[in-house]
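The values are calculated or read from the model by the stated rules, or taken from the named source; none is laboratory data. Owing to the predicted nature of the structure, the values given are computational and were not obtained by experimental measurement. Reconstructed Cβ throughout: ideal geometry from the backbone, glycine too, with neighbour counts over all protein chains shown.
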Amino acid sequence: MSWKDVCAADEVAENSLKPFNVDGISFLVANVGDGFRAYPPVCPHMEEYLEDSGLCAKGVLTCDRHLWQWDMKTGEPKGPAEKPLLMYPVKEEEGRVMVNLEKELEYDFDDEDD
Ligand code: FES
């Protein structure tokens, strides 16, 4: 298993995202209130960097480009979003956020015209 110590739990404010790069893998850590989630860094729609385009409010992440939305806890799409967010396994140990980066998660952008 490739659990990586990413940051202190208090480094990511509630209802926000923070970008990290560990061992060449970029990802975002989100504080969803009762824990943390980790997603690939880009929007599954058109590869916008959610660090710039993502807005967090009330447990919902919105990409401000075309307003795709997701439940930050489950990654499930909401409203017009057509794809879920991929999520890395995350755990919190002794005040540290640990992310399992065994396999880099990437969206398939080839099916846009389907
Ligand atoms: S690029 Fe994010 S909603 Fe379109």
Worksheet entry | Residues located in segment 56-75, provided they are within 11 Å of the ligand (Cβ to nearest atom), under 20 Å from residue 31 (Cβ atoms) and not polar (S, T, N, Q) | 61, 63, 64, 70
Worksheet item: Considering segment 1-55 alone, what residues qualify as being hydroxyl-bearing (Ser, Thr, Tyr) and in contact with a Phe, Trp or Tyr (Cβ under 7 Å, 6 or more places away or on another chain)?
Response: 39
Worksheet item: Across segment 67-114, what is the number of residues that are free of Cβ contacts under 8 Å to residues at least 40 places away in the same chain, acidic (Asp, Glu) and in contact with a strand residue (DSSP E or B) (Cβ under 7 Å, 6 or more places away or on another chain)?
Response: 2
Item to complete: Could you tell me whether residue 23 is in contact (Cβ under 8 Å) with a residue 60 or more places away in the chain and away from the ligand (no atom under 16 Å from the Cβ)?
Response: yes
Practice prompt. Could you tell me whether any residue of segment 69-85 is within 22 Å of residue 13 (Cα to Cα), assigned to a strand (DSSP E or B) and in contact with a Gly (Cβ under 6 Å, 6 or more places away or on another chain)?
Written response: yes
Discussion item. I'm told residue 32 meets every condition in (1) farther than 20 Å from residue 5 by Cα; (2) away from the ligand (no atom under 13 Å from the Cβ); (3) of a type outside the set (D, E, K, R) except one. Can you identify the failing condition by its number?
Written reply: (1)
Fill in: Hits in segment 2-31 - residues which are of a type in the set (Val, Ile, Thr) and buried (at least 17 other Cβ atoms within 10 Å of the Cβ)
6, 12, 25, 29
Item to complete: Could you run through segment 76-95 and say how many residues are among the basic types (Lys, Arg) and either within 11 Å of the ligand (Cβ to nearest atom) or modelled with pLDDT under 95 (or both)?
Response: 1
